[in-house]
1. Criterion first (of a type in the set (F, W, Y) and surrounded by fewer than 16 Cβ atoms within 10 Å (Cβ to Cβ)) does F87 satisfy it?
2. Name the pairs whose Cβ atoms lie under 6 Å apart, with the first residue in region 53-78 and closer than 15 Å to Q112 by Cβ and at pLDDT 95 or above, the second assigned to a helix (DSSP H, G or I) and among the basic types (K, R), and 6 or more positions between them or separate chains?
3. Restricting to region 52-63, count the residues that are out of contact with any helix residue (DSSP H, G or I) (no Cβ under 7 Å at 6 or more places or on another chain) and within 17 Å of G108 (Cα to Cα).
4. What helices (runs of 4 or more DSSP H) completely inside region 50-96 contain at least 2 residues that are among the charged types (D, E, K, R)?
5. Could you give every pair whose Cβ atoms fall below 8 Å, whose first residue belongs to region 184-203 and is at positive phi, and whose second residue is modelled with pLDDT under 80 and surrounded by 15 or more Cβ atoms within 10 Å (Cβ to Cβ), counting only separations of at least 6 or pairs across chains?
6. Keeping to region 52-70, report how many residues are open to solvent by less than 30 Å² (accessible area, probe 1.4 Å) and either of a type outside the set (S, T, N, Q) or more than 23 Å from the chain's Cα centre (by Cα) (or both).
7. Within region 165-178, is even one residue in contact (Cβ under 8 Å) with a residue 60 or more places away in the chain, open to solvent by less than 20 Å² (accessible area, probe 1.4 Å) and on the phi < 0 side of the Ramachandran plot?
8. Checking A6 against (1) open to solvent by less than 10 Å² (accessible area, probe 1.4 Å); (2) closer than 30 Å to V151 by Cβ; (3) modelled with pLDDT of 95 or more; (4) not hydroxyl-bearing (S, T, Y), which test does it fail?
Amino acid sequence: MSTRAASRNPFAALTGSTRRPYLTAAVFAVTLACGIAQLAARGLYDHVVRDAARIDAGEWYRLVTGMFFQDARAFGLVSNLLWLVVFGTLAERVFGRARWLLLYFGCGLFGQFTSYVWLNPVGAGNSMCVAGLIGGLAAVVMTASRRYGVVLPIQFRVMAFAVPVLAVVDTVAHDNHGVPALLGLALGFLLLPRRPVVGVQEG
């Protein structure tokens, strides 16, 4: 794709694929169902939240359930699902479904674990999973010109290179989104599609 075309439609320059985001939709549906159940059954959250004391007592499943429920309740559910739609769809079209799974759940689980042992021992939400996708997409944007011959608008490149900086600042501030974003960035470089992003097929 030419530089001019990428400037008109930068998202098309990144994806170039008509792959339908079925995986993103499936994870969206499960996360939405968990969120609705949490809002309907007030006591449910206490049984699924990431809680270091209860994990220490052997309830390791909380590291997984913490990725599907929200500590900010309705607001967290709506905002996190919106981010999932945007970045999940884009990442699925760029990386394919297998790599998407690794980025989303690998970074999410890593974020849950580092939160449990260090950053934020109590909480829940799929935002750390989305942070992993953002890190992976940042790697694609950083390499788009050299690897794929696609020159993206400067604002996209600035945002991509800002991701690791903001992730480090976030971690220093003792928030738990920076670590999964950094892992997503590292995995993104390892999982870059071999063929050009434009016209990428499933794989």
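1. No, not satisfied.
2. Partner pairs satisfying both residue conditions: I55/R62.
3. 2
4. Hits in region 50-96: 52-56, 89-95.
5. Sorted first by the residue in region 184-203, then by its partner, the pairs are G199/G16; G199/S17.
6. Matching residues across region 52-70 total 7.
7. Within region 165-178, one or more residues are in contact (Cβ under 8 Å) with a residue 60 or more places away in the chain, open to solvent by less than 20 Å² (accessible area, probe 1.4 Å) and on the phi < 0 side of the Ramachandran plot.
8. Here A6 clears every test but (3).
The values are calculated or read from the model by the stated rules, or taken from the named source; none is laboratory data. Computed from a predicted model, the values in this text were never measured in an experiment. No Cβ is skipped: glycine too gets one built from the backbone with ideal geometry, and neighbour counts run over all protein chains shown. Just the protein is used for accessible areas: all its heavy atoms, side chains included, with ligands, DNA and RNA removed. Shrake-Rupley method; radii C 1.70, N 1.55, O 1.52, S 1.80 Å.
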